[in-house]
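Visitor: The structure that follows is given in the form of structure tokens.
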């Protein structure tokens, strides 16, 4: 119990962010028309690719002699990049088609 | 200038672009720009992370990072550019799985690193002071997170990421047709729930220090992958969009765990934002199908209902219509509504249908498309497919708006759609789709259904619409049937 309270207390800013972001997430896509569900899902998919920052960070702090970590880290960065690049490009391709015709 | 602050500001900017991007993505006019804005923020955050940091980093590490990014960019770009629009849902699923795997790998590596920090001892067995100092420094850098808390975040990231990865791969295989039947082990619901509970308990034991050693973490990793597979396997292919959306928000949470671990606000905001927006989107999709989320995950869609559908024998006559008759009927109509389904996409007939629409419009026929919220394989998928063949999106009318219009429509042309026009949703309480909102095509004066055969739709149930006296069937592959229809219409002028 004590450790849970300490954890929250030590990271109180993070907890504020989490809770506010939950509301922002709900608010932001609250009135989305069904037309945009697929692109929106795809766009959100690209945004969680932000996990790549963690992969890069872990690589930067890896000892060059630790081969296992390097291999896993390399793989993580490749996969994270796939998520980001693929996600944004696919979303753009979908949205490119929603042009208004005269 | 403090470089750490500079990085923090970059992350702040990135977080704001994610929120703005997502906001703009939910309006048709701004959607594309919104995507680009979020993309810009992401690029900024990635570059900042690589360039700005205090520690000295060996060139080999830079080389590895940059080549990994290069590799990922080329592969991601090529796949995303090359893939057909009908394959979009699969692709989103794959990319989502990659993000989940990335989060799981980060956790694995962090756990390894932690192993070195936990007990900073000298070879003689005494406490290593410099190691301890190093450890405290790391802790300070990571925002005062205790050993236990960090371990908890690592385990959470590992489990959620792995479930998302394994689940996405299964979802991909299902959409792809590789795994086209729901596989249900006996008592799969109970087994899955026990497995999930087991994951929680196991992770708790590891965090709490009851069990120690790398072995347990790898076991947990394997168990989480297994759970991801078991979680998605019993769910039918028609429900995959909902599952993908759910897994999408899981990956968001996994990214947020990483944010906690590194006290990284960009990862935290991005992850939680996707987690919450993704959950809401999942619920919205379920609502469009009129089924609670629990029914999608634990439900027996198809299994229990198959018996019911078989029990209700449909009898009556099925009328067939020739291409010429169909062409004449449409040519002398005032108003035609086209109901496109996934069959249209599979046959790659979206361009031909646009041609048909153009010809009819030239002859003074009013043409509209009725889009069911779950037409295609994902909500909004049909809109993307039709937009690809230059159909103006003013012509795509959503279900609630078009339903009252059917009664003054001369011809409804249903192409490759089945369950979304099945009246059983209104009048057969035993039907698995009972209560699902459908397009009320039976109110129109004439209905023409183009289908390859009399096979049942995705939900595996018969459609009594086909036995309606106003309905006639135009059998054949959507593309060839529509092409013939178009040339017939052209010849009539």
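Visitor: Give the range B:257-273 a look and list any residue that's at the interface with chain A (Cβ under 7 Å from one of its Cβ atoms) and closer than 18 Å to residue B:19 by Cα, or say none.
Guide: Within the range B:257-273, B:264, B:265, B:266, B:267, B:268, B:269, B:270, B:271, B:272, B:273 qualify.
Visitor: In this structure, does residue B:46 turn out to be modelled with pLDDT of 85 or more, buried (at least 16 other Cβ atoms within 10 Å of the Cβ) and at the interface with another protein chain (Cβ under 10 Å from one of its Cβ atoms)?
Guide: So residue B:46 passes the test.
Visitor: Out of the range B:372-404, which residues are under 15 Å from residue B:241 (Cβ atoms), more than 7 Å from every other protein chain (Cβ to nearest Cβ) and not in a loop (DSSP other than H, G, I, E, B)?
Guide: B:382, B:385
Visitor: Please find, among B:109, B:160, B:94, B:169, the residue that is surrounded by 15 or more Cβ atoms within 10 Å (Cβ to Cβ), at pLDDT 90 or above and more than 20 Å from the chain's Cα centre (by Cα).
Guide: B:109
Visitor: Check the range B:208-227 and report whether any residue there is at pLDDT below 90 and crowded, with 22+ Cβ neighbours inside 10 Å.
Guide: So far as the range B:208-227 goes, no, none of its residues is at pLDDT below 90 and crowded, with 22+ Cβ neighbours inside 10 Å.
Visitor: Please give the helices (runs of 4 or more DSSP H) falling wholly within the range A:2-102 in which 3 or more residues are under 30 Å from residue B:399 (Cβ atoms) and within 7 Å of chain B (Cβ to nearest Cβ).
Guide: A:12-28, A:37-47, A:87-96
Visitor: Just one of B:23, B:33 is facing chain A (nearest Cβ under 8 Å), within 17 Å of residue A:88 (Cα to Cα) and surrounded by 13 or more Cβ atoms within 10 Å (Cβ to Cβ); which is it?
Guide: Just one listed residue meets the conditions, B:23.
Visitor: Considering every residue within the range B:402-421, establish whether at least one is under 18 Å from residue B:478 (Cβ atoms) and surrounded by fewer than 18 Cβ atoms within 10 Å (Cβ to Cβ).
Guide: Looking through the range B:402-421, none of the residues is under 18 Å from residue B:478 (Cβ atoms) and surrounded by fewer than 18 Cβ atoms within 10 Å (Cβ to Cβ).
The values are calculated or read from the model by the stated rules, or taken from the named source; none is laboratory data. Please read all numbers here as calculations on a predicted model, not as lab measurements. Reconstructed Cβ throughout: ideal geometry from the backbone, glycine too, with neighbour counts over all protein chains shown.
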